[in-house]
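J.: One structure, as structure tokens, below. Some questions next.
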Amino acid sequence: MEIIGTTVLCIKKGEKVVMIGDGQVSMGQTVLKHSAKKVRRLYNGSVLAGFAGSTADAMTLFDKFEAKLKEFKGDIVRSAVELARDWRTDRILRRLEAMLLVANKEKILLISGLGDVIEPDFPVLAIGSGGPYAYAAARALIEYSDLEVEEIANKAMDIAADICVYTNKNRVMEVL
């Protein structure tokens with residue numbers, strides 16, 4: 001049975017970038033873990049990365065992305081494009097079932113195994129089963145409140161966790 005479900009949200013507001021992920025790992029309708037760390041720092045702490053999908057696949061992709069960051073001296077866009085190309089064309093990598101959300105102080109990007117590298121028009125992006133809920137909540141909170149970005153991220157994740165059964169309220173947050 002495939003391990004599914006998560007929520008990872010990234011928000012850029014002012015000079016800050018926040019990435020936050022819930023801690024739930026589910027297999028079917030069973031919660032296996034409540035405190036998984038789905039968000040981490042890469043490239044000497046200057047890049048944030050989060051995943052949705054298979055954990056082992058995501059760990060492989062984190063390693064490959066960090067290697068690309070080293071190869072391209074921290075250029076997040078070039079690293080993302082090269083990873084997406086490799087992911088789509090390599091016979092083994094293209095079987096990986098995960099999505100990555102990556103960010104630095106300037107950009108937020110979604111990287112998929114379909115070859116997508118997407119930079120959003122609005123400074124919010126979310127992935128996983130609870131992603132649409134967290135995304136909508138964060139968009140509204142950014143536009144209609146004066147909350148700090150960390151508060152927006154936590155409130156948006158609360159909303160996602162209240163709606164999505166694959167999202168819990170145990171979180172890991174990283175801030176640049």
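J.: Take the residues in segment 109-138 that are under 18 Å from A80 (Cα atoms) and out of contact with any strand residue (DSSP E or B) (no Cβ under 8 Å at 6 or more places or on another chain); name whichever of them is surrounded by the most Cβ atoms within 10 Å (Cβ to Cβ). First the steps, then the outcome.
T.: Keep residues of segment 109-138 that are under 18 Å from A80 (Cα atoms), which gives 109-121, 123-127.
In the following step, the residues that additionally are out of contact with any strand residue (DSSP E or B) (no Cβ under 8 Å at 6 or more places or on another chain) were identified as 114-115, 121.
Numbers: L114: 10, G115: 14, D121: 6.
That would be G115.
J.: Moving on. For segment 43-58, state whether one or more residues are among the charged types (D, E, K, R), part of a helix (DSSP H, G or I) and either over 27 Å from Y166 (Cα atoms) or at pLDDT below 95 (or both).
T.: Within segment 43-58, one or more residues are among the charged types (D, E, K, R), part of a helix (DSSP H, G or I) and either over 27 Å from Y166 (Cα atoms) or at pLDDT below 95 (or both).
J.: Just one of the numbered conditions (1) outside any helix (DSSP H, G or I); (2) within 16 Å of the chain's Cα centre (by Cα) is not true of K73; which one?
T.: Going through the list (1) outside any helix (DSSP H, G or I); (2) within 16 Å of the chain's Cα centre (by Cα), K73 breaks only (2).
J.: Anything in segment 137-172 that is small (G, A, S), more than 15 Å from the chain's Cα centre (by Cα) and under 20 Å from G23 (Cα atoms)? List them, or say none. Write out each step before concluding.
T.: Taking segment 137-172 first, the residues small (G, A, S) are 137-138, 140, 145, 153, 156, 160-161.
Adding the requirement that they be more than 15 Å from the chain's Cα centre (by Cα) leaves 137, 140, 145, 161.
Passing the criteria: A137, A161.
J.: Then there's this: Looking at A80, A138, A103 in this structure, which one is touching a residue at least 12 places away in the same chain (Cβ under 8 Å) and touching a helix residue (DSSP H, G or I) at 6+ places or on another chain (Cβ under 6 Å)?
T.: Working: A80 fails: touching a helix residue (DSSP H, G or I) at 6+ places or on another chain (Cβ under 6 Å); A103 fails: touching a helix residue (DSSP H, G or I) at 6+ places or on another chain (Cβ under 6 Å).
Selected residue: A138, the only one of A80, A138, A103 that is touching a residue at least 12 places away in the same chain (Cβ under 8 Å) and touching a helix residue (DSSP H, G or I) at 6+ places or on another chain (Cβ under 6 Å).
J.: When the residues of segment 1-42 are narrowed to those that are in contact with a Ser or Thr (Cβ under 8 Å, 6 or more places away or on another chain) and assigned to a loop (DSSP other than H, G, I, E, B), which ends up nearest to I76 (Cα to Cα)?
T.: Step one: of segment 1-42, the residues in contact with a Ser or Thr (Cβ under 8 Å, 6 or more places away or on another chain) are 2-7, 21-25, 32, 36, 38.
Now narrow it down to the ones that are assigned to a loop (DSSP other than H, G, I, E, B): 2, 5-7, 23-24, 36, 38.
Working: E2: 30, G5: 26, T6: 24, T7: 22, G23: 26, Q24: 28, A36: 25, K38: 19 Å.
Taking the candidates together, the pick is K38.
J.: Within segment 21-35, is there a residue that is touching a helix residue (DSSP H, G or I) at 6+ places or on another chain (Cβ under 6 Å) and either under 30 Å from A137 (Cα atoms) or surrounded by fewer than 15 Cβ atoms within 10 Å (Cβ to Cβ) (or both)? Steps first, answer last, please.
T.: Restricting attention to segment 21-35, the residues satisfying the condition of being touching a helix residue (DSSP H, G or I) at 6+ places or on another chain (Cβ under 6 Å) are none.
Scanning segment 21-35, I find no residue that is touching a helix residue (DSSP H, G or I) at 6+ places or on another chain (Cβ under 6 Å) and either under 30 Å from A137 (Cα atoms) or surrounded by fewer than 15 Cβ atoms within 10 Å (Cβ to Cβ) (or both), so the answer is no.
J.: Identify the residue in segment 93-108 that is aliphatic (A, V, I, L, M) and closer than 16 Å to G53 by Cβ and, among all such residues, is surrounded by the most Cβ atoms within 10 Å (Cβ to Cβ).
T.: First pass over segment 93-108, keeping only residues aliphatic (A, V, I, L, M): 93, 96, 98-103, 108.
Those still in the list that are closer than 16 Å to G53 by Cβ too: 93, 96, 98-102.
Values: L93: 16, L96: 18, A98: 22, M99: 23, L100: 26, L101: 26, V102: 29.
If we take residues in segment 93-108 being aliphatic (A, V, I, L, M) and closer than 16 Å to G53 by Cβ, then V102 is surrounded by the most Cβ atoms within 10 Å (Cβ to Cβ).
The values are calculated or read from the model by the stated rules, or taken from the named source; none is laboratory data. Worth saying up front: this structure is predicted, and the values here are computed from it rather than measured. Glycine gets a Cβ as well: all are built from the backbone with ideal geometry, and neighbour counts include every protein chain shown.
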